[in-house]
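Undergrad: Take this structure, written in structure tokens, and hold onto it; I'll ask about it next.
The values are calculated or read from the model by the stated rules, or taken from the named source; none is laboratory data. For clarity, every value in this text was computed on a predicted model and none was experimentally measured. FYI the Cβ positions are ideal-geometry reconstructions off the backbone, even for glycines, and counts take in every protein chain you see. Heads up: the accessible areas ignore ligands, DNA and RNA and are worked out on the full protein's heavy atoms, side chains in. Shrake-Rupley method; radii C 1.70, N 1.55, O 1.52, S 1.80 Å.
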Amino acid sequence: MLRQSKSPLLSLPGAVPAEGPDEGVAAHYGDLFREQRALAGGSGFVDLSHRGVLTVTGPERLSWLHLLVTQHVSDLPPGQATEALILSPHGHIEHALYLVDDGETTWIHAEPGTQGDLFAYLESMKFFYKVEVADRTDDFAVVHLPAGSIAEVPDGVVARETAYGRDLFLPRGQLSAFAAEHGPAAGVLAYEALRVEAHRPRLGLETDHRTIPHELGLIGVAVHLQKGCYRGQETVARVHNLGKPPRRLVFLHLDGSEVHLPAHGAAVRLASDGPEGRQLGFVTTSARHHELGPIALALVKRNVPLDAPLLVGEGTAASQEVVVEP
């Protein structure tokens, strides 16, 4: 995965750099729970300037994208946000795209470091279509305003509005000025805690090389079942009709007495089998929530009983909430 340049907002007071996939922006600014409460209350913003930004222009941009992605976008109205996936020929998730069209340009943001491969794939699929693809990561920074925010979007800035807030495609040169006007800033740890609470999967964390959309509850969210052909559609249709994805996403309430959160990949087992029992899944993201305490998302085998107490990692007790029905 490509490294992203450091955000200028890492110079803000209290900023602590994030690690792993979110390297380049702040993990927090000194008070994780205060930042979470601010976002939950509709104030502040999150610096997501490490994410990749691509644009697609040209008169055939939407009809062309429609052929490549899992979402129905051929008639996407200006200003309407949507999500889409690009799948492998076997139906495994390769890219996650967060889109909005402004009437002339389709704006896409994607996971940090994935934009190069995404750009290369889109370029390879242009053929004779009247489209132009551009990697705009060096020019535009993604900034997230939480749901309920009354902050005004700067003139000329494209916004992607969803139930979870607004993602702005802000010119990078305006990032520091935006922060000064629209603070307080919240780090990605606060953003991630609210993402986990909302059961929203993330490419590279909730996915591995064999993840299919059904396992994450993305049918109807990022996958449209009534659209034309796209790569991997056969797998999507077959699993949807059979109703048996091999794994399912779950939300976990973790034992709050543990000091350390389980790492990505930590084993999930049945509590009745003990910490040496057979692994039935793995933790994908864990977080500390300002109200719920330690929480996590995990992928487990489809046949794990819905009400079974679980053990995570070296023996952290966990109870599950169903995200994807088996």
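Undergrad: Does any residue of the range 228-235 turn out to be assigned to a helix (DSSP H, G or I), of a type in the set (Val, Ile, Thr), surrounded by fewer than 19 Cβ atoms within 10 Å (Cβ to Cβ) and on the phi < 0 side of the Ramachandran plot?
TA: Yes, there is a match, as at least one residue in the range 228-235 is assigned to a helix (DSSP H, G or I), of a type in the set (Val, Ile, Thr), surrounded by fewer than 19 Cβ atoms within 10 Å (Cβ to Cβ) and on the phi < 0 side of the Ramachandran plot.
Undergrad: Mind checking which residues of the range 62-87 are in contact with a His (Cβ under 9 Å, 6 or more places away or on another chain) and assigned to a loop (DSSP other than H, G, I, E, B)?
TA: Listed by number, the residues that qualify are Val69, Thr70, Gln71, His72, Val73, Ser74, Asp75, Leu76.
Undergrad: If you check Ala96, Ala120, Ala159, which single one turns out to be assigned to a strand (DSSP E or B) and either under 14 Å from the mean Cα position of the chain (by Cα) or free of Cβ contacts under 8 Å to residues at least 12 places away in the same chain (or both)?
TA: Going through Ala96, Ala120, Ala159 in turn, the sole match is Ala96.
Undergrad: Let me ask something else. Has the range 33-50 got any residue that is of a type in the set (Lys, Arg) and at pLDDT 95 or above?
TA: Yes.
Undergrad: If you check Glu94, Glu132, Glu83, which single one turns out to be within 18 Å of Glu206 (Cα to Cα) and open to solvent by 60 Å² or more (accessible area, probe 1.4 Å)?
TA: Glu94
Undergrad: Something else about it: Just to check your reading of the model, which residue among Thr70, Thr105, Thr114, Thr55 is more than 21 Å from Phe169 (Cβ to Cβ), modelled with pLDDT of 95 or more, open to solvent by less than 30 Å² (accessible area, probe 1.4 Å) and of a type in the set (Val, Ile, Thr)?
TA: On inspection, the qualifying residue turns out to be Thr70.
Undergrad: Any chance the range 281-296 includes a residue that's touching a residue at least 40 places away in the same chain (Cβ under 8 Å), under 26 Å from the mean Cα position of the chain (by Cα) and not in a strand (DSSP E or B)?
TA: Taking every residue of the range 281-296 in turn, at least one turns out to be touching a residue at least 40 places away in the same chain (Cβ under 8 Å), under 26 Å from the mean Cα position of the chain (by Cα) and not in a strand (DSSP E or B).
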